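Quick notes on the structure that follows.
The values are calculated or read from the model by the stated rules, or taken from the named source; none is laboratory data. Keep in mind it's a predicted model, so treat the numbers as computed, not measured. Ideal geometry is used to build each Cβ from the backbone, glycine not excepted, and the neighbour counts take in all protein chains shown. With ligands, DNA and RNA removed, areas are computed over all heavy atoms of the protein, side chains included. Shrake-Rupley method; radii C 1.70, N 1.55, O 1.52, S 1.80 Å.
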Amino acid sequence: MSNLILIIDFGSQYTHLIERNLRELRIDTKVIPSYLPISEILSYNPKGIILSGGPNSVYGVDAPTIDKTLLYGDIPILGICYGMQLITHLLGGEVERGEKREYGPSMLFIDREDPLFSGVSSPQRVWMSHSDLVTRLPEGFISLAHTKETPFAAIKHRDRPIYGVQFHPEVSHTPCGKDLLDNFVHLIAKCESNITIEDFLDRKIKEIREQVGKDTVIGALSGGVDSTVAASIVHRAIGKNLKLVFVDTGLMRIGDREKITYLKDVLGLNIDIIDAEKDFLDVLKGVIDPEEKRKIIGHKFIEIFEDFAKRHKDARWLLQGTIYPDVVESAKVDTSNPQLIKSHHNVGGLPPDMHLNLLEPIRELFKDEVRDVGKALEMPDDILMAHPFPGPGLAIRILGEVSRDKLDILRKVDKIYIEELKEHGEYDRIWQAFSVLLPLRSVGVVGDERAYKFVVALRAVVSRDGMTADWARIPYDLLEEISLRITNEVKEVGRVVYDITPKPPGTIEWE
Ligand code: XMP
């Protein structure tokens, strides 16, 4: 008997969050498109089915749908938002086209006891995002809960295990949402939690072997968590047919290159290391504008990558360490949009005219899950717990013109800062910490003499995903120790400041 929950995707931006919630509950899950024939759906022998939300109206011309015989069977079904409207529509209830959108938090009042709400008290804050609304239930259905604006906020069939909720249990703005999904899969669909991260890994490796066969895969490695875990998975799957390149831009920190050597020598990854410090410093000479820096670095990077690719003409795949938040971000970011905040350059960005298939083994994962997979691959904490590091590297942490001397100063400062954070157990609770070299000098005294030296800013933020962030409350005593060490050990620096700007309005990086 399978232990699988199928998620039928109607195009909601939140479908992956349903999947993530179920993965966290250690439930075996598969997302399938809504157009699959019912025979194929049943061939999975699912324990339960979740119908996702979606942007359509059930009355729309091309509105996606399902074979309604599914709703007469005994497989437990939970329709979310559009999913609930579709159930209602297919079974003869009424869905009204909404004039305006209901978007945001709402209070849910639970009107009836039901396994779906087991352990959940009333009222509850839930997240709404819909225009259409169920206004009459199909025959045999009863209402379980309402909100002020939504009379049927949760419904079920009297005799069959068919449920619907108008709100979104899968988003974190619905605090009880995880419990509802837990109740659905465990109490209603009677699923067992037996999936481990190793199962995920085994499945991925098998999938990659089937997909790629004996083809060559190329990719750029940055040494960051995502690209390294992605590369290690593919390496497990196809070994030496994965050819990687690490471009040492000279804009790296102390220790970055050593990580690559570890991956190459200890884990056996096939990596070409390219020394390109001079190339990058040459093209950055005289450049002050942050956007220009990013563009120049991005172009140079692609140039070098293309050279590498030319040496592997037989390659048919390009590996990328895209993770789920990147997918969401890039869906939102329109590069033709003049309001673009910063042009992001990711190591391994796909050159537009390269005819390669994309291989993205960790595309559906969140950062913490990527780290779990890395652990299962027995990768060291040093790599897995590392803070994110931007593609343009230290170039965007040196305000103004970049030079080798300034890079060396910043590297020394950053090493001290990070060392201290690690030693005092602060590093792992911080999303990202780094130092910024400012394009100005300030007066001080050293012994009896007047000094005139660089100012560095220390930045540390806490965040869930980098999209919003708050400055980290590092203990004053530790800040003092860091500041003292920096001014004592880095002779070019005379003053240290700490950045207390959240994002928004600031960004995490300074450029
Ligand atoms: P901001 O500064 O936009 O940064 O608040 C959000 C997150 O993105 C990282 N970042 C980059 N990552 N290429 C990258 O790969 C880039 O060009 C880039 N710019 C910013 C930043 O370090 C933070 O984690």
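Looking at the stretch 241-253 only, could you name the residues that are closer than 9 Å to VAL217 by Cα and in a strand (DSSP E or B)? Please lay out each step first, then the result.
Taking the stretch 241-253 as the starting set, the residues that turn out to be closer than 9 Å to VAL217 by Cα are 241-244.
Those that are closer than 9 Å to VAL217 by Cα and in a strand (DSSP E or B): LEU242, LYS243, LEU244.
Restricted to the stretch 416-437, and to residues there that are touching a Lys or Arg at 6+ places or on another chain (Cβ under 9 Å) and outside any helix (DSSP H, G or I), the residue that is farthest from the ligand (Cβ to nearest atom) is LEU437.
Only one residue in LEU399, LEU440, LEU410, LEU421 is more than 17 Å from GLY250 (Cα to Cα) and surrounded by 14 or more Cβ atoms within 10 Å (Cβ to Cβ). Which one? Don't jump to the end; show me each part of the working.
Working: LEU399 fails: more than 17 Å from GLY250 (Cα to Cα); LEU440 fails: surrounded by 14 or more Cβ atoms within 10 Å (Cβ to Cβ); LEU410 fails: more than 17 Å from GLY250 (Cα to Cα).
Result: LEU421 is the single residue among LEU399, LEU440, LEU410, LEU421 that is more than 17 Å from GLY250 (Cα to Cα) and surrounded by 14 or more Cβ atoms within 10 Å (Cβ to Cβ).
Of all residues in the stretch 355-386, those being buried (at least 18 other Cβ atoms within 10 Å of the Cβ), part of a loop (DSSP other than H, G, I, E, B) and within 16 Å of the ligand (Cβ to nearest atom) number 3. Scanning the stretch 284-304 for residues that are open to solvent by 60 Å² or more (accessible area, probe 1.4 Å) and farther than 16 Å from VAL245 by Cβ turns up LYS285, ILE288, ASP289, GLU292, LYS295, HIS299. With respect to ARG20, determine if the residue is at positive phi, modelled with pLDDT under 95 and assigned by TED's automatic domain parsing to the domain that holds THR174. Here the answer is no, as ARG20 does not meet what is asked.
When VAL185 is tested against (1) in contact with a Gly (Cβ under 7 Å, 6 or more places away or on another chain); (2) more than 14 Å from ILE77 (Cβ to Cβ), exactly one condition is not met: (2).
Which is basic (Lys, Arg) and within 16 Å of the ligand (Cβ to nearest atom), of ARG397, ARG441, ARG450?
Numbers: ARG441 fails: within 16 Å of the ligand (Cβ to nearest atom); ARG450 fails: within 16 Å of the ligand (Cβ to nearest atom).
From the options ARG397, ARG441, ARG450, the qualifying one is ARG397.
Scanning the stretch 94-111 for residues that are open to solvent by less than 30 Å² (accessible area, probe 1.4 Å) and either touching a helix residue (DSSP H, G or I) at 6+ places or on another chain (Cβ under 8 Å) or hydrophobic (A, V, I, L, M, F, W, C) (or both) yields VAL95, LEU108.
For the stretch 2-22, state whether one or more residues are basic (Lys, Arg), assigned to a helix (DSSP H, G or I) and within 23 Å of the chain's Cα centre (by Cα).
Residues of the stretch 2-22 basic (Lys, Arg): 20.
The next check asks that each one be assigned to a helix (DSSP H, G or I); those that pass are 20.
From what is left, the residues that are within 23 Å of the chain's Cα centre (by Cα) are 20.
Checked against the condition, which is being basic (Lys, Arg), assigned to a helix (DSSP H, G or I) and within 23 Å of the chain's Cα centre (by Cα), the stretch 2-22 yields at least one hit.
Between ASP408, ASP414, ASP368, ASP372, which is of a type in the set (Asp, Glu) and at pLDDT below 90? From the options ASP408, ASP414, ASP368, ASP372, the qualifying one is ASP368. Looking at GLY298, GLY321, just one residue is part of a loop (DSSP other than H, G, I, E, B), within 11 Å of the ligand (Cβ to nearest atom), under 28 Å from PRO504 (Cβ atoms) and modelled with pLDDT of 65 or more, and that residue is GLY321.
Entry remark, the stretch 96-118: residues being of a type outside the set (Asp, Glu) and not in a loop (DSSP other than H, G, I, E, B) number 11 in total. Screening the stretch 445-504 for residues that are open to solvent by less than 60 Å² (accessible area, probe 1.4 Å) and polar (S, T, N, Q) and picking the one that is nearest to GLU423 (Cα to Cα) gives SER483. Under 33 Å from the mean Cα position of the chain (by Cα) and away from the ligand (no atom under 16 Å from the Cβ): does that describe PRO475? Yes, satisfied. Please work out which residue is farthest from GLY98 (Cα to Cα), limiting yourself to the stretch 33-87 and to residues that are assigned to a loop (DSSP other than H, G, I, E, B) and of a type in the set (Phe, Trp, Tyr). Out of the qualifying residues, it is TYR44. The one condition from (1) among the charged types (D, E, K, R); (2) free of Cβ contacts under 8 Å to residues at least 40 places away in the same chain; (3) closer than 19 Å to GLU511 by Cα that ARG459 does not meet is (2).
Here LYS415 passes the criteria (1) open to solvent by less than 20 Å² (accessible area, probe 1.4 Å); (2) under 16 Å from GLY393 (Cα atoms) except the one numbered (1).
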